[in-house]
Amino acid sequence: MEPTRVLLLPGSVLPAELAYGALLASLGPGVDAVAKDLEVYAGPQPPTGYTLDTEIDGVTRFADEKGWDAFHFAGYSGGGAAALAFTARYPERVQSLALLEPAWAGSWDWSPEHRRVWERYRQLRTLPPDEFMAGFMRLGLRDGVDVPPPPGGDPAPWMTKRPAGIAAFLDTFETYDLNRSALAAYTRPVYFALGALSNPHDYGEIAQRLAEVFPDFRLDVFAERHHFDPPHRVEPDRLAASLLALWKRAEAQFPDA
C-alpha cells in the first residue's frame, strides 16, 4: 500500500522545517509528508513580479519532481492562501485540503470589520521593519490577547527576509483573482483549523466565508490557540489526528484519486 502523500506549506514567518517539525513527528508511519518552503523566500528578495501564481508554479514543479500526480495539501497563513490558489487552479491534484488559518481567501463578501482589518494591514507598509512585524502580529490576535514576545538572542538570519516577504504577500492579496467558482466546484473534503484567540474579524471571518463556498467543509476550533502559537506547533498530536482522519475520509470517498 502506497503511503499517504502530503505537502505542507508554512506561513510567512517561520521556515517550513521549523514550522512543521513537531507535526511531522506526530503523523507517524504510513505518511509521506514534506514541508516545502515558500517561493517568496527562494532568494534574498521576493521574486520580481511575485504573486500567488509564483507559489503555484513552485508547488507544481515540486510535485512533478516527486512524481506526485495528486496529494493531500495543507497550508498555514500565507501558505494557506497559496494552497487555496493552487486548489482553484488544479483541483484534480488535491486529494484533500487542510487550511490552517489562511492569511487571505479571496476578495468577495468582505464585512465592514474585515475591510477595516485590511486597511490596517495596508498602513503597516509605512513602518520600519521592527514596528511592521509587531503591528502585523497584533492584527492577527483577538483584542486582549498579548502579542508573543520575540525570541531571545540574536535574530536568525532568515528573519531579515520576513518583512519584505510579508509585504509581497499583502501586495498580491490586493490584486489576485482567486476563482471562487472553481473552489465551489471542489467537492473533496476541506478542513479548517481556527484558533479561538485569533482575530475573529480576520481568520474567523475567512472560516465563515469558506464554509459557504466549499461543499464539504469542516471547522475545528482550538480554544487556547492563536495565529502565532498555532496547533501544528503547540498541539501537533491533536492536529495530526484530525489530519489523519481527513485523509482517510478523502481516500475512502475518492479511492481512485
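Mean sequence separation of contacting Cα pairs (under 8 Å, at least six apart), scaled by the length of the chain, corresponds to a relative contact order of 23 percent. Of the beta bridges in the chain, as assigned by DSSP with both residues counted there, near 5 percent are antiparallel.
The tail of the calculated P(r) for the stretch 1-121, taken as Cα-Cα distances beyond 24 Å, holds 28 percent of the pairs. The charge dipole of the stretch 4-253, taken about the Cα centre with unit charges on the Cβ atoms of Lys, Arg (+1) and Asp, Glu (-1), comes to about 220 debye, rounded to the nearest 20. Potential lengthening of the chain between Ala164 and Glu113 amounts to 15.8 nm, from the contour at 0.36 nm per residue minus the alpha-carbon distance. Shown for Val40, Val221: other C-beta atoms within 10 Å of each C-beta, ranked fewest to most, produce the order Val221, Val40.
Per residue, the convex hull spanned by the alpha carbons of the stretch 119-257 comes to 150 Å³. Shape of the chain from its Cα gyration tensor (a ≥ b ≥ c, root eigenvalues): rounded if a/c is under 1.5, otherwise prolate when a/b > b/c, or oblate? Verdict is rounded for the chain.
3J(HN,Hα) along the stretch 119-125, derived from phi through the Karplus expression 6.51 cos²θ - 1.76 cosθ + 1.60 where θ = phi - 60°, amounts to 5, 5, 4, 4, 5, 4, 4 Hz, with x in place of Gly and Pro.
For Gly195, nonlocal amide neighbours, meaning residues 5 or more places apart or on other chains whose placed amide H falls under 5 Å from its own, are Phe222. Here the stretch 1-75 and the stretch 77-105 have alpha carbon centers that stand 11 Å from each other. The helix-only estimate of mean residue ellipticity at 222 nm for the chain, built from DSSP H runs of length n ≥ 4 each weighted as -39500 (n - 2.57), is -13000 deg cm²/dmol after division by the residue total. Of Ala22, Ala193, Ala85, the residue with the greatest mean-square motion in the GNM of the chain, using alpha carbon springs below 10 Å, is Ala22. With the convex hull drawn around the C-alpha atoms of the stretch 175-252, the volume per residue stands at 105 Å³.
Bridgeable lysines around Lys161 (alpha carbons under 23 Å apart, same-chain partners fewer than 8 residues away excluded): Lys36. Calculated on C-alpha atoms, the gyration radius of the stretch 132-175 divided by its Kirkwood radius gives an Rg/Rh of 1.03. When the chain is treated as a GNM with alpha-carbon contacts under 10 Å, the residue of Pro200, Pro15, Pro148 showing the greatest mean-square fluctuation is Pro148. Positive-end ranking of Ser96, Ala42, Gly67 along the dipole of the stretch 4-253, with charges on Cβ about the Cα centre, is headed by Ser96.
Where a number appears in this text, it was derived from the coordinates with a stated rule and is not lab data. Predicted model, so just to flag it, every value in this text is computed and none were measured. Because the Cβ atoms are built from the backbone with ideal geometry, glycine has one as well, and the counts that use them run over all protein chains shown.
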